[in-house]
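Report on the structure given below.
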Amino acid sequence: MIEKSLVLIKPDGVQRGLISEIIGRFERVGLKLVAIKMVHPTHDDVEKHYTLTDEWMLGVYTKAKAKYESVGEKFPFTDHQAYGKSIKEGLVNFLKSSPVVAMVWEGETAVSLIRKMVGNTEPASATPGTIRGDLSHDSYALSNTQNRPIRNLVHASGNVKEAEHEIGIWFTDTELYKYEHVNDRVQYDPDWFLSK
Ligand code: IDP
Ligand code: MG
């Protein structure tokens, strides 16, 4: 299924000069760029982007707890809502601190493909070959000690529903381009390599 996914190069990616490296990876895998802009997010933009649902709060809490426990440490938090709220507050302050690059990439199963390329939320656990694994090394332990969100360079939509919602936050319909890219033919046209 051809899907669209939202990617943000977060302030740490912009500040570290990794814009072209990150964009290059999505181009090289064969995805099609259908929208791009640099934007200095407002408080409201980030508020809308990270929706504070119970599911999201439980998700960040469970992932962090599992990492602590996997290295034999006790997770020092018990309330997933308080934990999620404090992460969200940190994210709002982080994302509005500096311009970000917002993009929409399109292609076959683009959402899961991009998540695979982005890697684990915690750069220290992200495998080599992924954006977070190759280009960053922050950890739950360090970021929690410093009471700030993990610096992991990019945001990528977690599923198709999330992607639709997020694209609507950062782009208007007229900013999303529909055009033919040569990769559309080479990658997806069943007749392309048939002899004429
Ligand atoms: P994702 O970016 O891999 O989808 P989410 O669970 O959606 O990860 O969390 C959103 C962002 O919040 C992460 O990318 C990271 O920057 C930050 N974050 C998530 N969990 C924690 C945590 O336990 N401590 C510090 N920051 C966190
Ligand atoms: Mg997420």
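Values in this text are rule-based calculations from the coordinates and carry no lab data. Please read these numbers as outputs of a predicted model, since none were measured by experiment. Using ideal geometry, Cβ is built from the backbone for each residue, glycine included, and neighbour counts are taken over all protein chains shown.
Placing dummy labels 7 Å off each Cα toward the beta-carbon, the span from residue 120 to residue 169 is 2.5 nm.
Going from the residue with the fewest nearby Cβ atoms within 10 Å to the one with the most, 134, 79 rank 79, 134. Our helix-only sum for the chain, with -39,500 (n - 2.57) per DSSP H run of n ≥ 4 divided by its residues, gives a mean residue ellipticity at 222 nm of -13500 deg cm²/dmol.
Relative to the globular-protein estimate of 2.2 N^0.38 Å, the Cα radius of gyration of region 56-143 stands at 1.22.
Label zone of residue 43 (point 7 Å out along Cα→Cβ, amide N under 19 Å): in region 79-96 this covers 85-96. Could you tell me what fraction of 2.2 N^0.38 Å the Cα radius of gyration of region 96-173 comes to, as a two-decimal ratio? Dividing the Cα Rg of region 96-173 by 2.2 N^0.38 Å gives 1.19. Using C-alpha pairs under 8 Å with a sequence gap of at least 6, the mean separation divided by the residue count of region 75-196 gives a relative contact order of 19 percent. Cβ-Cβ distance of residue 58 and residue 21, R₀ of 25 Å, FRET efficiency by 1/(1 + (r/R0)^6): the value works out to about 0.15. Highest mobility in the GNM of the chain, judged by mean-square fluctuation with C-alpha springs under 10 Å and restricted to 75, 171, 94, is found for 75. The label point for residue 189 and the one for residue 161, both projected 7 Å from the Cα toward the Cβ, are 3.7 nm apart.
The shape of the chain can be summarised by an equivalent ellipsoid whose semi-axes, obtained from the alpha carbon gyration tensor, come to 32, 19, 16 Å from longest to shortest. Cα centroid separation, region 1-36 to region 92-118: 6 Å. Please find, in a Gaussian network model of the chain (springs between Cα atoms separated by less than 10 Å), the residue of 11, 76, 99 whose mean-square fluctuation is greatest. Looking only at 11, 76, 99, the largest GNM fluctuation is found for 76. Values of log10 I(q)/I(0) for region 1-82 across q = 0.15, 0.19, 0.20 Å⁻¹ run -0.87, -1.04, -1.05, by the Debye formula with one identical scatterer at each alpha carbon and no solvent.
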